[in-house]
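A quick write-up on the structure given underneath.
Here, each number is a calculation from the coordinates, and none is a lab measurement. Here the structure is a predicted model, which means the values were calculated and not measured. Cβ: placed from backbone, ideal geometry, glycine included. Neighbour counts: every protein chain shown.
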Amino acid sequence: MTNSKYTPVIGLEVHAELKTNSKMFCGCKNDPFGAEKPNIHTCPVCLGMPGALPVANKRAIDWTVKLGLALGCQINKFSKFDRKHYFYPDLAKSYQISQFDLPFCFKGTISTQEGEIGITRIHLEEDTGKLLHKVVDGKKVSLIDFNRSSVPLAEIVSEPDIKSGSQAKEYGKKLRQIMRYLDIANCDMEQGGMRLEANISLKPADSPEGFLPDYKVEVKNINSFRFLEQAIDFEIKRQAVILDSGRVPTQETRGWDSVKNETFSQRSKEDAEDYRYFPDPDLAPIRFSEAQIKEIRQSLPELPEEKVARWQKDYGLTAEITKSLTETAETAEWMEKVFAFAKTQKIDLKKLSHSMINKKFHVKSGERAEAVIEKFNQLHDTEEISVDEIGGVIATVFTGNQDAVEKYRAGQKQVIGFLIGQVMQKIGKKIDPKIVREEIEKKLN
Ligand SMILES: [Zn+2]
């Protein structure tokens, strides 16, 4: 809940590992989660050996531009990779190859129900290795796995336009959906394939447009959209209490404790860190021509929002139903096949999609259109028999089988099977025995 005295100012940084075959700057296999052993997908480049030369992965660059175009970004026709220096054991070179002032994409948007969110930039960098903290021979040790080192990582930075936890969640889910539609990232959050960071602060509700508070709290390592929403809503409340008391929240990095449902302080961040960025001399700058950008734009698939609009128009479905059936590109593609066949059978698509969403009949995603329609038709037969009609048949069966009814009432519950059989036989149509059982039980009890 938002305290009406303050307006939340929230920006998101999302990291997504791209699912190219090979890593960002070497030919090693990009499979950090599937590898059966640590440090098997490695070479001098991704182990940071002195003198090893990186070669940029063209597909990862094209995919980043593709993502930018899908999000309405502008593309830098001249771009480059920069070295970002810091020391940490999972970063063998002591610098990460990233992009500083000339990211591939800038100025995009994602629309949410609570308003549009600006995208500041999308840049491409390499992932780091992974530290594992274990006990070996009774000793606490930290192990390093470089299978993930130099996996292509796109970073999508939003403007501080987000106002609530729910809006952040919607933004994140849309971004994930688009990346999956583009088939460029799995975005598996549990495995760290998509990682979320939120910058959160509050400003007085009457501050002018564009005013930014002079502090911000960063919540890192959030691995689910639900936790993202909870962490933001928790921070909004926590910071409001501090501001109410006349103090300013500490500028710091916090983590999310999903057991206690609260954020906790990790380290204070008084000053901006100095990464001594400079252009990587081992990698040539990247140029994009208008024609190349056009080619990538033409390779874009129909995106979720476009699909929702078209389905509403072509199939006469509501936005809500359409959204639920276009959640993934696979489901949408399958549904279009089902719809095409249903049309030839003169089946009402609204009725069909309603039944599918409400799980009125069991159907597996990807099932043959003919099979789906057959099941739908069976259900339809069932629905044609009114409860009153079933009631009439039950009354007749009861009159003709008083013994059975009395036995049931005397406690011989298994007799109900016989009564169900009699009713089904009399109706003479394929109907769901569960419905018959329910109606008989109602009458017996
Ligand atoms: Zn390598």
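Things worth noting here:
- Cα centre as origin, Lys/Arg/Asp/Glu Cβ charges: segment 279-373 dipole, Debye: 700 debye
- Cβ-defined net charge surrounding GLU116, 10 Å radius [Lys, Arg +1; Asp, Glu -1]: -3
- Summarised as an ellipsoid, the chain has semi-axes of 54, 28, 25 Å, derived from the eigenvalues of the Cα gyration tensor scaled by 5 and square-rooted, with the largest first.
- Degrees between helix 369-384 axis and first principal axis of the chain (Cα, 0 to 90, nearest 10): 40 degrees
- Under the Debye formula (equal points on every Cα, no solvent term), log10 I(q)/I(0) of segment 210-361 at q = 0.12, 0.14 Å⁻¹: -0.89, -0.92
- A Cβ-based charge dipole, computed about the Cα centre of segment 175-216 with Lys and Arg at +1 and Asp and Glu at -1, lands at about 60 debye.
- Of the peptides 173-181, 214-222, 154-162, the ranking by mean beta-carbon count within 10 Å, highest at the top, reads 154-162, 173-181, 214-222.
- With the charge dipole of segment 43-102 set up from +1 on Lys and Arg Cβ and -1 on Asp and Glu Cβ about the Cα centre, the Cα lying farthest toward the positive end among the listed residues GLN74, HIS85, LEU53 is that of GLN74.
- Per-q log10 I(q)/I(0), segment 126-224, q = 0.18, 0.21, 0.23 Å⁻¹ (Debye; single scatterer per alpha-carbon; no solvent): -0.99, -1.16, -1.28
- Exposure proxy shown here: for TRP311, TRP334, the number of other Cβ atoms within 10 Å sets the order, fewest to most, as TRP334, TRP311.
- Whole-number percent relative contact order across the chain, with pairs defined as alpha carbons under 8 Å at least 6 apart: 16 percent
- Those Cys residues of the chain for which no other cysteine Cβ falls under 4.7 Å: CYS26, CYS28, CYS43, CYS46, CYS187
- Within a straight-line Cα-Cα reach of under 12 Å, LYS5 can be paired with the following aspartates and glutamates, leaving aside sequence neighbours fewer than 8 residues apart in one chain: ASP206, ASP244.
- Helical contribution to [θ] at 222 nm, DSSP H n ≥ 4, -39,500 (n - 2.57), averaged over the chain, rounded to 500: -11500 deg cm²/dmol
- Over 20 Å [Cα-Cα, segment 317-445], rounded percent: 54 percent
- For the residue pairs LYS58/LYS107; LYS107/LYS220; LYS323/LYS443; LYS163/LYS269, alpha carbon separations beyond 32 Å are given by LYS323/LYS443.
- Spatially, segment 403-431 and segment 249-307 are offset by 65 Å when compared through their Cα centroids.
- Cβ crowding within 10 Å, taken as a proxy for footprinting-reagent exposure, orders LYS323, LYS134, LYS23, LYS237 from fewest neighbours to most as LYS134, LYS237, LYS323, LYS23.
- Annotation: the antiparallel percentage among DSSP beta bridges lying fully within segment 167-297 is about 75.
- Lys/Arg +1, Asp/Glu -1 at C-beta; the chain dipole; positive extreme among GLY392, ALA342, GLN113: GLY392
- Cβ-based charge dipole, the chain, positive-most Cα from GLN239, VAL405, THR326: VAL405
- In terms of distances greater than 21 angstrom between alpha carbons, the cross-link table entries LYS84/LYS130; LYS174/LYS337; LYS93/LYS140; LYS174/LYS351 yield LYS174/LYS337; LYS93/LYS140; LYS174/LYS351.
- Neighbour-count ranking [beta-carbon atoms within 10 angstrom, fewest first] of PHE398, PHE278: PHE278, PHE398
- Distance between segment 117-189 and segment 1-75 - C-alpha centres, whole angstrom: 8 Å
- Vicinal HN-Hα couplings computed from phi for segment 55-67 (Karplus, 6.51 cos²θ - 1.76 cosθ + 1.60; Hz; Gly/Pro x): 10, 6, 7, 5, 4, 5, 5, 4, 5, 5, 5, 4, 4
- Bins of 10 Å, starting at 0 and running to the largest distance - Cα pair percent for segment 62-195: 11, 35, 32, 16, 5, 1
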